[in-house]
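As structure tokens, the structure follows; a few thoughts come after it.
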Amino acid sequence: MSTSFETWRDRFERLRAHKAFELTVIAIIVVSALLIGAKTYEETTRFQQWLLAMDVAVTVFFLVEILIRMAAEKRLRDFFRKGWNVFDFLIVTASLIPLDDSEMVLLARLLRIFRVLRLVSMIPELRMLMGALIKSIPRMGYVVLLMFIIFYIYAALGSFLFAEVDEFLWGNISTAMLTLFRVATFEDWTDVMYATQELYAWSWVYYLSFIFLTAFIFLNMMIGIVLDVMQKESIQMEIESGEGEAAELHGLRHDVRQLRDQLDRMEAALVAGRGDIKVDRSDED
């Protein structure tokens with residue numbers, strides 16, 4: 001029984017690691033994304049039954065795929081030790097909500113949208129990018145806090161100085177901060193500047209200094225943080241890949257040693273049973 005289980009587990013593990021299997025899963029994820037997009041067009045209502053059948057087929061495929069990946073692990077808890085495996089499991093489980101239930105149809109459709117995110121878990125480079133983004137958030141938080149302070153100071157100045165120019169844009173500090181966000185994103189910011197320059201000719205200093213701080217300095221600080229974390233994540237991924245290859249080589253050596261031990265035992269049994277048989281193994285390593 002144990003040998004049969006190990007045999008099937010090895011087969012599932014080889015299937016999971018096969019490149020064709022990974023490409024098939026990626027292709028099905030893309031098909032799932034296209035199905036979600038197709039349902040947003042009214043022209044596809046006549047193909048509703050076909051789309052529903054394809055959605056069921058995709059859901060079944062994802063269920064079988066996640067079961068294969070779980071069966072390929074030596075211990076089931078090893079599967080749930082990886083965060084991306086837990087994410088895939090939750091997405092696949094949520095996809096089992098039927099679409100024909102009128103009370104759950106909206107929730108089911110929303111959850112099926114997140115199946116597109118499985119592309120991130122399937123492609124190592126995307127996993128690295130997502131990991132870098134998540135790890136960058138705490139460090140970027142301090143930059144965002146500093147940006148908020150600058151926004152608040154400039155918004156207070158703008159509401160005091162330019163309120164009489166345009167009450168809608170500079171009437172209070174909250175609307176002034178929204179106006180500054182518009183300026184920071186370069187959304188017709190020159191129109192805002194020209195309006196205040198009609199009364200305050202020097203107001204260009206206010207806008208240019210604000211843009212220099214937010215659009216150039218703070219943006220580059222965020223980019224630098226993300227690039228630094230991405231570089232560390234890339235190095236870590238290379239290290240883990242090297243460790244994985246080393247572990248695979250160690251496993252192959254272990255299998256060779258076991259095979260050699262079995263051959264030695266077989267030879268000893270043959271020699272003990274038939275003393276006239278002599279095995280010449282002088283050419284073995």
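A short reminder: the numbers here are calculations on the coordinates, not readings from a lab. Keep in mind that this is a model prediction, so the values were computed, not measured. Every residue, glycine among them, receives a Cβ derived from its backbone with ideal geometry; neighbour counts consider all protein chains shown.
Were the residues from residue 161 through residue 190 laid out at 0.36 nm apart, the gain over their Cα-Cα distance would be 8.7 nm.
Charge tally around residue 117: other residues with Cβ under 12 Å, Lys/Arg +1 each, Asp/Glu -1 each, net +3. Neighbours of residue 166, meaning other residues whose beta-carbon lies under 15 angstrom from its beta-carbon, give a summed charge of -4 when Lys and Arg score +1 and Asp and Glu score -1. For the range 116-211, averaging the sequence separation of C-alpha pairs within contact (under 8 Å, six or more residues apart) and dividing by the residue count gives a relative contact order of 16 percent. Here residue 232 is the anchor, and the lysines within straight C-alpha reach of less than 27 Å, apart from those fewer than 8 places off in the same chain, are 19, 82, 135.
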